Amino acid sequence: MRRYIPVIGIAMLLGACGAKGNAGTSADSAAAAAEIPAVVAGFSADSAYRYVAEQVAFGPRVPNSEAHRRAGDWLASRLEAYGAEVVNQRVTLRAFDGTQLQSRNILGRYNPEASERLLLLAHWDCRPWADQDADPARHSQPVDGANDGASGVGVLLEIARQLSLQAPSKGVDILFLDAEDWGDEGDEDSWALGAREFVENPPVANYAPSEGILLDMVGGENARFRREYFSQRGAPALNNAIWSIAAELGYSDRFPDLPGGAITDDHVQFLQAGIPVVDIIEFGDGGGFNSRWHTSADNMEGISAETLGIVGSTVMTYLRRNY
């Protein structure tokens, strides 16, 4: 990930999006939520933290590496163990620098016959270079990707475990996307290669989820999640619902009702295809990503079980109330 673009005047846009007749407003979402039984879903922050640590233990999950291969096999096996029907999309993708990336998108499906489906997704690969590190000598080294990659996957693995204990009544898909982070800062189209491949050539015939939630960098200490620009523009009703649940659960300080930047991330590929997908991603009050982003410090020392629990409980509650 990618670059972010600070958006001036986005607060006006947020209000305009919320005012659309079929999108709903934050007040409408809160009122609707009040009419729904107060279901607070089960979610173990400690379990999610363990899943993050297990991914990091493989080493940097950079495409074409042994750590990447082993981690991919482990992720698929975890989804299978938690009762999902697993589809592996293996494909060779060409990176901006010409490197041929042996890539693997991993899709786990619950109630695959259901037409109404929620897609939960995160990327599982790591940045090949710590190009934002303060030490230039580390710029050619891969990152551990504890937050940028493994945190979102860790939350989704815990959600999969919860679904194995209580199956959803509708369709739920968990997607681990590959080849997201092998991009060039000067080329927006060089990111999210796995997401583009999945959207353009879905491994399931006629695949069309009703909506989706992307988790990216959701494990940082005291992380705050502002409303990402493209998410609010393209899927305002879903964005409003998530932020309303976070407020109801007492997480308004971590999910402030404030605009963030426009972030080139996996969700953009889905939005361009007409699928409403929102991005829950850390975006600091001063603008920009977590200070460990694309550095050698993106390791387990920067991961907070509390933050994982806040994000996971919010998403899981939305899932339980609607699916």
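The values are calculated or read from the model by the stated rules, or taken from the named source; none is laboratory data. Not measured: the values here are computed from a predicted model. Methodologically, a virtual Cβ is constructed for each residue, glycine included, from the backbone with ideal geometry; neighbour enumeration extends over all protein chains shown. Ligands, DNA and RNA are excluded from the accessible area calculation, which covers all protein heavy atoms including side chains. Shrake-Rupley method; radii C 1.70, N 1.55, O 1.52, S 1.80 Å.
Taking the 1.4 Å solvent-accessible surface of the chain as the whole, the part contributed by carbon and sulfur is 49%.
Spin-label model, ASP187/THR92: points 7 Å from Cα along the beta carbon direction are separated by 1.8 nm.
When a/c is below 1.5 the answer is rounded, else prolate if a/b is larger than b/c, else oblate, so apply that to the range 184-320 with a ≥ b ≥ c taken from the square roots of the Cα gyration tensor eigenvalues. Don't jump to the answer; show the numbers that get you there.
On the way: a/c = 1.68, a/b = 1.20, b/c = 1.40.
Since a/c reaches 1.5 but b/c is at least a/b, the shape of the range 184-320 is classed as oblate.
Of the residues GLY302, GLY287, HIS123, the one whose Cα sits farthest toward the positive end of the charge dipole of the chain, with +1 on the Cβ of Lys and Arg and -1 on the Cβ of Asp and Glu, is HIS123. In this structure, TYR207 and ARG69 have a Cβ-Cβ separation that, at R0 = 22 Å, corresponds to a calculated FRET efficiency of about 0.30. Taking 0.36 nm per residue of separation and subtracting the current Cα-Cα distance, fully stretching the chain between SER291 and GLU85 would add 70.5 nm. Within the range 83-178, all pairs of alpha-carbon atoms sorted by distance into 5 Å bins from zero give the percentages 3, 12, 17, 19, 17, 12, 8, 6, 4, 1, 0. Backbone phi angles across the range 207-222, fed through the Karplus curve with coefficients 6.51, -1.76 and 1.60 (θ = phi - 60°), yield HN-Hα couplings of 6, 8, x, 5, 6, x, 10, 9, 10, 8, 6, 10, x, x, 4, 6 Hz in residue order; Gly and Pro are listed as x. When +1 charges are put on Lys and Arg Cβ atoms and -1 charges on Asp and Glu Cβ atoms, the dipole computed for the chain relative to its Cα centre reaches about 680 debye.
Treating each Cα of the range 111-151 as an identical point scatterer and summing with the Debye formula, the log10 of I(q)/I(0) at q = 0.25, 0.27 Å⁻¹ comes to -0.83, -0.89.
What are the semi-axes of the equivalent ellipsoid for the chain, taken as the square roots of 5 times the Cα gyration tensor eigenvalues, largest first, in whole Å? All intermediate terms of the calculation are to be shown ahead of the outcome.
Values: eigenvalues 151, 102, 74 Å².
For the chain, the ellipsoid semi-axes come out as 27, 23, 19 Å.
Assign one of three labels to the range 265-323, namely rounded, prolate or oblate, based on the Cα gyration tensor with a ≥ b ≥ c the square roots of its eigenvalues; rounded applies when a/c is under 1.5, prolate when it is not and a/b is larger than b/c, and oblate otherwise. It would help to have the intermediate numbers written out before the result.
Numbers: a/c = 2.47, a/b = 1.31, b/c = 1.88.
Verdict is oblate for the range 265-323.
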